[in-house]
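Below: one structure, written as structure tokens.
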Amino acid sequence: MKFIAFIILFFQVPGFSQTPGHAVPAQGSTKPVNAFAVAGNSFIKNIGQYGETITGHAAMGSVKYGFEGADMLVLFTSKGLIHLHRKIEKLSEREERALERKGIPEEEIEKKTRVTDKLITLEWVGADPAAAVIAEDEIPDYHTYGLLKEKATGYKKITYKNLYPGIDVVYHFTNSEKPGFEYSIVVQPGADPGLIKMKYGGDVKKINLDKNGNLFIHSGINDIIETAPAAFSNTGAVLKLSVDKKEQQHLYPVSFHQQNNLVGFRVTGYDKTKLLVIDPFVSSTNAGLPGTNVGLAKDIDFDYDGNVYVAGGVMLFPAAS
């Protein structure tokens, strides 16, 4: 006989700014839904579960959508992105002994942890602050969040339209099983990709490029990884946001251009009379720190008192305003 054990975590929704979403089948659907698989492959509309803005980072603008995939929570704002990281550690032996001397029961001490939150911002420098943020390809499932009565819809694509003159930034997913998302920069003929500048802020410890041209942004908890980009002309009637391995495309030399916390793109030899697409992939990895636990949840449920029950772990982040 096999026994399966789950750790059940309990918390009150109002005390935190974000809780994992619960995907619910659309009306008429009989297909079972894995809530976290759905959340990890969609951009979820903010209906209040993420707050209006993030405390201390209101300059990033209002939160429009969220990505809750794998070990990363990414918020999409009117000015850029906010990556949220969390580390959960057990208390040291010294700290445990100090609590024992205070008469705290051993079973209570074992439950105590030290939580560290980090936050990395990505701001599109020099971009149009009023650029339209357009969500497309709605998924058939929706998400509910504790006491919030409204249902949050998810989408497969978000476009920042004319973020720079003649340049759109499109966030979307690949068909691979890698956890993360792509962003494709669509440069219209004659537009200048040199205008594109990403400024990383918040709890950035270090930014570096590896020998393969991949970009690493370190928070001290997790690494944000942006793979070496591809660049190609799009000449067909249908816009392709990623390299098509079946249909030959004209690829151009492209690389990240980093100067301190500013990152842009360097594309050479491309045909400026054709539409250009620059395409990196974004993922997140645990930095390998002892005791790190990103708190991935395996299942979630709610009761009528507004309590949330999470099996396996939970992702909680700094309060939003």
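The values are calculated or read from the model by the stated rules, or taken from the named source; none is laboratory data. It should be emphasised that the depicted structure is a prediction, and the values quoted were computed from it without experimental measurement. Counting neighbours? That spans all protein chains shown, and the Cβs are built from the backbone with ideal geometry, glycine included.
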Filtering segment 100-142 down to residues that are touching a helix residue (DSSP H, G or I) at 6+ places or on another chain (Cβ under 8 Å) and of a type in the set (A, V, I, L, M, F, W, C), which residue is farthest from residue 170 (Cα to Cα)?
109
Look at segment 91-138 and say how many of its residues are under 29 Å from residue 204 (Cβ atoms), loosely packed, with under 13 Cβ neighbours inside 10 Å and touching a Ser or Thr at 6+ places or on another chain (Cβ under 9 Å).
4
It is to be established whether one or more residues within segment 291-314 are outside any loop (DSSP other than H, G, I, E, B), at pLDDT 75 or above, touching a Phe, Trp or Tyr at 6+ places or on another chain (Cβ under 9 Å) and more than 23 Å from residue 113 (Cβ to Cβ).
no
Conditions (1) touching a residue at least 60 places away in the same chain (Cβ under 8 Å); (2) in contact with a strand residue (DSSP E or B) (Cβ under 7 Å, 6 or more places away or on another chain); (3) of a type outside the set (D, E, K, R); (4) surrounded by fewer than 18 Cβ atoms within 10 Å (Cβ to Cβ): number failed by residue 273:
(2)
Within the set of pairs 6+ apart or on separate chains, which have a first residue in segment 132-156 that is farther than 11 Å from residue 43 by Cβ and in contact (Cβ under 8 Å) with a residue 40 or more places away in the chain, a second that is in a strand (DSSP E or B) and acidic (Asp, Glu), and C-beta atoms under 9 Å apart?
144/150
Please specify each residue of segment 157-173 satisfying the condition of being of a type in the set (D, E, K, R) and touching a residue at least 40 places away in the same chain (Cβ under 8 Å).
157
Scanning segment 146-193 residue by residue, the ones that are surrounded by fewer than 18 Cβ atoms within 10 Å (Cβ to Cβ), out of contact with any Gly (no Cβ under 7 Å at 6 or more places or on another chain) and either modelled with pLDDT of 90 or more or in a strand (DSSP E or B) (or both) total 9
Which residues, counting only those in segment 216-235, are among the polar types (S, T, N, Q) and closer than 24 Å to residue 276 by Cβ?
227, 233, 234, 235
Looking only at segment 230-250, and only at residues there that are aliphatic (A, V, I, L, M) and either surrounded by 17 or more Cβ atoms within 10 Å (Cβ to Cβ) or at pLDDT below 70 (or both), the one that is farthest from residue 212 (Cα to Cα):
237
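Take the conditions in a strand (DSSP E or B), touching a Phe, Trp or Tyr at 6+ places or on another chain (Cβ under 6 Å) and free of Cβ contacts under 8 Å to residues at least 60 places away in the same chain and apply them to residue 75. Does it pass? Full working, then the answer.
Working: in a strand (DSSP E or B): yes; touching a Phe, Trp or Tyr at 6+ places or on another chain (Cβ under 6 Å): yes; free of Cβ contacts under 8 Å to residues at least 60 places away in the same chain: yes.
It is true that residue 75 is in a strand (DSSP E or B), touching a Phe, Trp or Tyr at 6+ places or on another chain (Cβ under 6 Å) and free of Cβ contacts under 8 Å to residues at least 60 places away in the same chain.
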Please specify each residue of segment 88-99 satisfying the condition of being of a type outside the set (A, V, I, L, M) and either within 28 Å of residue 174 (Cβ to Cβ) or in a helix (DSSP H, G or I) (or both).
93, 94, 95, 96, 97
Count of residues meeting criterion [β-branched (Val, Ile, Thr) and without any contact (Cβ under 8 Å) to a residue 40 or more places away in the chain] in segment 174-216
0
Single condition residue 67 does not satisfy, out of (1) more than 10 Å from the chain's Cα centre (by Cα); (2) surrounded by 13 or more Cβ atoms within 10 Å (Cβ to Cβ):
(1)
